[in-house]
Amino acid sequence: MQKIIQDIYEKLFGEFGYQNWWPIVRDGKCYYEAEFRKRKRSREEILEIMIGAVLTQNTSWDNAVKAISGMKKAGFLSLDKLLSIDEDGFSRIIKESGYYMQKSKKIKALSLFLHDELCDDVSALSGYGLDKAREMLLSVWGIGNETADSILLYGYYYPVFVIDAYTRRIFSRIGVEDAYAAYEELQSLVHDSFKPDRIKYQEYHADLVMLGKSICRKEPLCGECFLSFMCCFAKSRTAYAQKRT
Ligand code: SF4
């Protein structure tokens, strides 16, 4: 299985190249900058990535961007401000992200964690090491595996791969047997396929998202896909179509 995981990465990266996730939102637009690969994230950027990772739960990234823009316009993207939010009022600002009452509570819980456990120093998780930092984030109400790993990978540059719905869908269609295994099990399969490399994990995840959004959609466009030569789903579709002719 490791060979398939490596081959998918090579093909995706060859086609899409660097995506430079996680973007920073300015004036309603996303900025994906190559310099993100070369320097550490600022405290402001880490906070924005944390909030964005919560806002994009169960919704598209475009909706999360609208909510981040609303927060920025209203001056809510600072820890001081977030600590003082009234959840009802705040939920209206992030309405476009959906599940806004719940997300408002989650963002409040995350803000309290940053205040109580990290003494308001958003960058401090970088000093704990991956395992401890992950354990701490997972202790926050509303932060699950995918959200925690997105924050750790893109905010703190820890080498940890993010498993999301696109990963599972594409892996399973191509023929990765454990595509719907438990989160950590599938994550270990990817980790075991490469030396720890946060840029590779960032780009692999971002490239999978790109493929999942553009080609390997719910209704996949296999005829346009550069992975069709190695994809079980595409091969069985072709075989079925040939049988019918
Ligand atoms: S060939 Fe089809 S099913 Fe396979 S990865 Fe590409 S779009 Fe998805």
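Step through the residues of the range 191-208 one at a time and calculate ³J(HN,Hα) from phi using the Karplus curve (6.51 cos²θ - 1.76 cosθ + 1.60, θ = phi - 60°), rounding each to whole Hz and writing x for Gly and Pro.
4, 6, 8, 9, 5, x, 7, 5, 5, 4, 5, 4, 5, 4, 4, 5, 5, 5
Is the range 56-194 best put as rounded, prolate or oblate by its Cα gyration tensor, with a ≥ b ≥ c the root eigenvalues, rounded for a/c under 1.5, and otherwise prolate when a/b is larger than b/c, oblate when not?
Details: a/c = 2.54, a/b = 1.47, b/c = 1.72.
The shape class here is oblate.
Which of 31, 201 comes first, and how do the rest follow, when ranked by fewest Cβ neighbours within 10 Å?
31, 201
Could you give the nm distance between label points at residue 243 and residue 165, where each point is 7 Å from its Cα heading toward the beta carbon?
3.0
Note the angle between two axes, namely the Cα long axis of helix 232-244 and the longest principal axis of the Cα atoms of the chain, as a number of degrees from 0 to 90, rounded to the nearest 10.
So the inclination is approximately 40 degrees.
Tell me the angle of helix 43-55 to the major Cα principal axis of the chain, expressed in degrees between 0 and 90 and rounded to the nearest ten.
60
How far apart, in nm, are two points set 7 Å out from the Cα along the Cα-to-Cβ line at residue 74 and at residue 123?
Output for this residue pair reads 2.9 nm.
Which aspartates and glutamates does residue 195 reach when only Cα atoms under 16 Å apart count, and residues fewer than 8 places away in its own chain are ignored?
7, 10, 203
Helix-derived [θ] at 222 nm for the chain: sum -39500 (n - 2.57) over DSSP H runs of at least 4, divide by residue count, nearest 500?
My calculation for the chain gives -17000 deg cm²/dmol from helical runs alone.
Post the alpha-carbon centroid distance, the range 165-230 to the range 99-134, in whole angstrom.
That distance is 28 Å.
Arrange the peptides 117-128, 229-240, 65-76 so that the one whose residues have, on average, the most other Cβ atoms within 10 Å appears first.
65-76, 117-128, 229-240
Give me the angle, in degrees from 0 to 90, between the Cα long axis of helix 165-174 and the longest principal axis of the Cα atoms of the chain, rounded to the nearest 10.
10
Could you calculate the FRET efficiency of residue 15 with residue 42 from 1/(1 + (r/R0)^6), where r is the beta carbon distance between them and R0 is 41 Å, rounded to 0.05?
Values: r = 31 Å, r/R0 = 0.76.
Calculated transfer efficiency: 0.85.
Near residue 218, which lysines are there with a Cα under 21 Å away, not counting those fewer than 8 places off in the same chain?
Cα-Cα hits under 21 Å: 11, 235.
The numbers here are math on the coordinates, done by the rules we state, and not lab data. Quick caveat: nothing in here was measured; it's all calculated off a predicted structure. All Cβ positions, even for glycine, are placed from backbone atoms using ideal geometry, and neighbour counts span all protein chains on display.
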